[in-house]
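A.B. asks: Have a look at the structure that comes next, please.
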Amino acid sequence: MSDKSYRSMESPDIGTQGNSGYIWLAYSAFFLIEPIMSHSRRLWVECGIIYAIFLVIYVSYMKARTTSQRYGLIVALYVLGVVSFPINSGSSSFFIYSAAFLPFVVASVPILVTVLIAQALGLLVEGWLLHINPFALTLTTFILCIVGASNTFIARQKRADTKLRMAHEEIEQLAAVAERERIARDLHDVLGHTLSVIVLKSELAGRLIERDPKRAAQEIADVERTARTALSEVRAAIGGYRSQGLPAEMELARNTLQAAGVALACESPLPQLHAAEETVLCLAVREAVTNIVRHAQATHCRMRFTTSGDGYHSLLITDDGAHPKLQEGNGLRGMRERVQSLGGRLSITTDPGVTLLIELPETAPHQLSAPCVAL
């Protein structure tokens, strides 16, 4: 958690609960008992001034927005109690207020206990020097300690609740970021492949339109059908893309490569995987086929599924194309992130052609009976 986030846990809201904090002013009525009982005009004036100062400090504390301001106001409240105690023994309530506020400002329990003990000792020393009634002095000190201790537990609970709430908000933000990244990766793979097929078939139809109009019309129909499915693919990616299965993806790869004049050879049966693993391999096949069609100028592509001795399903994809200098763009980066998210490994070599090796931890050792289609 950042320092800024931690400081926000020390905000006045923890100790004041907004405007509801003013309800505790009712306890300051004890300060008025002695003036009422004495009927002294001078005492009324002195206590009026003291009480006005107390109200200024109290309201300032409720409105304070920084920890340093609250520290200073608590100290001012305690000093006010020390100064006014000889005038009005009801000023002992100021000590209790300062002890009540302190736990919401000081997060360290050892420091808090030390300060509370110092406050209690200061009250006892002043009461002893002024010959205050021992019973009243002991009772005030006891209340100071009880209020400080009880508010310590309340403040710790509020900090824990605030920290938990902030953690939940941070998790929600991270989940939103992860979801945006997932959608970006899947949109790249889905749309990149679909648009590549549309471009490829459109170019093929353009070349065939004069010498083979019937074949050109078929290719245009395929373009139309592919374009119509693009919207549903985008919706599927946004809603949480799930592959239609590895056999369907391999058939789609075969058709796409065939349209580009690339022969696909698959030398092994397809493994049976969990949905998340199968989706990763399907998207990897789709990205690899898209790159071969766009950049490789290849004539042959080979795919092989195996299970390694250290418990990994592996997919090896090779082509004989003359790739330009390989750079890891959004597609390969997204592929790597998806593989690594399942604890897998991805390696790419480029001499000769491109060899792509994807390894995922083995979780389902069975294999489908249907072999991969080979040309």
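The values are calculated or read from the model by the stated rules, or taken from the named source; none is laboratory data. Quick caveat, the model's predicted, so the values are computed rather than measured. Reconstructed Cβ throughout: ideal geometry from the backbone, glycine too, with neighbour counts over all protein chains shown. These area figures cover heavy atoms from the full protein model, side chains too; ligands, DNA and RNA do not enter into them. Shrake-Rupley method; radii C 1.70, N 1.55, O 1.52, S 1.80 Å.
A.B. asks: I'd like the FRET efficiency for SER40 and LEU121, computed as 1/(1 + (r/R0)^6) with the beta carbon distance as r and R0 of 45 Å, rounded to 0.05.
C.D. replies: Working: r = 31 Å, r/R0 = 0.69.
Once rounded, the FRET efficiency stands at 0.90.
A.B. asks: Could you list which residues have their amide H under 5 Å from that of ASP320, counting only those 5 or more apart in sequence or on another chain, with H placed in the peptide plane?
C.D. replies: When sequence neighbours closer than 5 places are left aside, the close amide H contacts are THR299, HIS300.
A.B. asks: Rounded, prolate or oblate: pick one for segment 268-335, where a ≥ b ≥ c are the square roots of the eigenvalues of its C-alpha gyration tensor, a/c under 1.5 means rounded, and failing that, prolate if a/b is larger than b/c, else oblate.
C.D. replies: It is prolate, given that a/c is not under 1.5 and a/b is the larger ratio.
A.B. asks: Hey, another quick one. Starting from the Cα-Cα distance between ARG180 and GLN157, subtract it from 0.36 nm times their residue separation and give me the gain in nm to one decimal.
C.D. replies: Numbers: separation 23, 0.36 × 23 = 8.28 nm, distance 3.45 nm.
Net length gain for the segment: 4.8 nm.
A.B. asks: Given a Förster distance of 45 Å, report the FRET efficiency between LEU195 and MET166 from their Cβ-Cβ distance, rounded to the nearest 0.05.
C.D. replies: 0.60
A.B. asks: Probe radius 1.4 Å, ligands and nucleic acids ignored: give me the carbon and sulfur share of the accessible area of segment 20-163 as a rounded percent.
C.D. replies: Answer for segment 20-163 is 75 percent, counting heavy atoms of protein chains only.
A.B. asks: Once phi is turned into ³J(HN,Hα) by the Karplus curve 6.51 cos²θ - 1.76 cosθ + 1.60 with θ = phi - 60°, what whole-Hz value does each residue of segment 95-102 show in order, with x for glycine and proline?
C.D. replies: 3J(HN,Hα) across segment 95-102, in whole Hz: 5, 5, 4, 5, 5, 6, 6, 4.
A.B. asks: Residue by residue through segment 147-155, what is 3J(HN,Hα) from phi via Karplus (6.51 cos²θ - 1.76 cosθ + 1.60, θ = phi - 60°)? Round to whole Hz and write x for glycine and proline.
C.D. replies: After applying 6.51 cos²θ - 1.76 cosθ + 1.60, I find 5, x, 5, 5, 5, 4, 5, 5, 5 Hz.
A.B. asks: Something else now. List, in order, the whole-Hz ³J(HN,Hα) value for each residue of segment 83-94 obtained from phi through the Karplus relation with A = 6.51, B = -1.76, C = 1.60 and θ = phi - 60°; use x for Gly and Pro.
C.D. replies: Result, rounded to whole Hz: 5, 8, 4, x, 7, 9, 5, x, 5, 4, 5, 5.
A.B. asks: Could you check the simple spin-label distance between HIS131 and SER347, using points 7 Å along Cα→Cβ, in nm with one decimal?
C.D. replies: 9.3 nm
A.B. asks: How much accessible area per residue does segment 79-172 have, counting only protein heavy atoms and a probe of 1.4 Å, in square angstrom?
C.D. replies: On the way: 4920 Å² over 94 residues.
Here the residues of segment 79-172 average 52 Å² of exposed surface.
A.B. asks: Compute the accessible area per residue over segment 256-346, keeping the other protein chains in place, probe 1.4 Å, unit Å².
C.D. replies: Details: 3930 Å² over 91 residues.
With all protein chains present, segment 256-346 gives 43 Å² per residue.
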